[in-house]
1. If I take R0 = 22 Å and measure r between the Cβ atoms of Leu50 and His27 in this structure, what FRET efficiency does the formula 1/(1 + (r/R0)^6) give, to the nearest 0.05?
2. By how many nm would the segment from Ser72 to Thr36 lengthen if fully extended, with 0.36 nm per residue of separation less the alpha-carbon distance?
3. Using only protein heavy atoms and a 1.4 Å probe, report how much of Glu20 is accessible, in Å² to the nearest 10.
4. For the full complex of protein chains and a 1.4 angstrom probe, list Thr36, Thr41, Thr6 by accessible area with the highest value first.
5. Work out the charge dipole of the range 1-81 with +1 on the Cβ of Lys and Arg and -1 on the Cβ of Asp and Glu about the Cα centre, then indicate which of Gly46, Met1, Leu61 is farthest towards its positive end.
6. What ratio of Cα Rg to 2.2 N^0.38 Å holds for the range 1-52?
Amino acid sequence: MASNFTNFLISFGEDPQQLEAFKQDPHAVLDAAGLTPAEKTLLLSGNMQLIQSALVADPGLKEAMGIPPDQSLPARLPKIVWSVQHLGTPPPPPKAGPTGDSDSKGGSGGSKSD
């Protein structure tokens, strides 16, 4: 059986509302999940290497992810990693495209008239 920590992280990949609730009030969501103080600190640190190490160290991770015991874990844990990377992080602002003002070259594209 997977740890509470692992199940909590998996829930972010499966339940976008859980992730949104975390973004709004991370401490309340962590408290409601029953995580230990060390787990809370780890998640709030945003240290992806330590978080992934904690997940991989959980002997119940494969079962929680629906991976048969005789198969190895994927090289990446996409849903979980993506969810953790976005914990408490607002979505990036849209990239500004060219406005045309700085790229326009005035006066060089006109036609000649005699």
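1. Values: r = 19 Å, r/R0 = 0.89.
That pair, Leu50 with His27, gives E of 0.70.
2. On the way: separation 36, 0.36 × 36 = 12.96 nm, distance 2.80 nm.
So the extension gain works out to 10.2 nm.
3. Accessible area of Glu20: about 90 Å².
4. Numbers: Thr36 60, Thr41 95, Thr6 0 Å².
Listed by decreasing accessible area, they come as Thr41, Thr36, Thr6.
5. Going by the Cα projections, it comes out as Gly46.
6. It is 1.05.
The values are calculated or read from the model by the stated rules, or taken from the named source; none is laboratory data. Fair warning: this is a prediction, and the values are worked out from it, not measured in the lab. For neighbour counting, all protein chains shown are included, and Cβ atoms are generated from backbone atoms with ideal geometry for every residue, glycine included. Heads up: the accessible areas ignore ligands, DNA and RNA and are worked out on the full protein's heavy atoms, side chains in. Shrake-Rupley method; radii C 1.70, N 1.55, O 1.52, S 1.80 Å.
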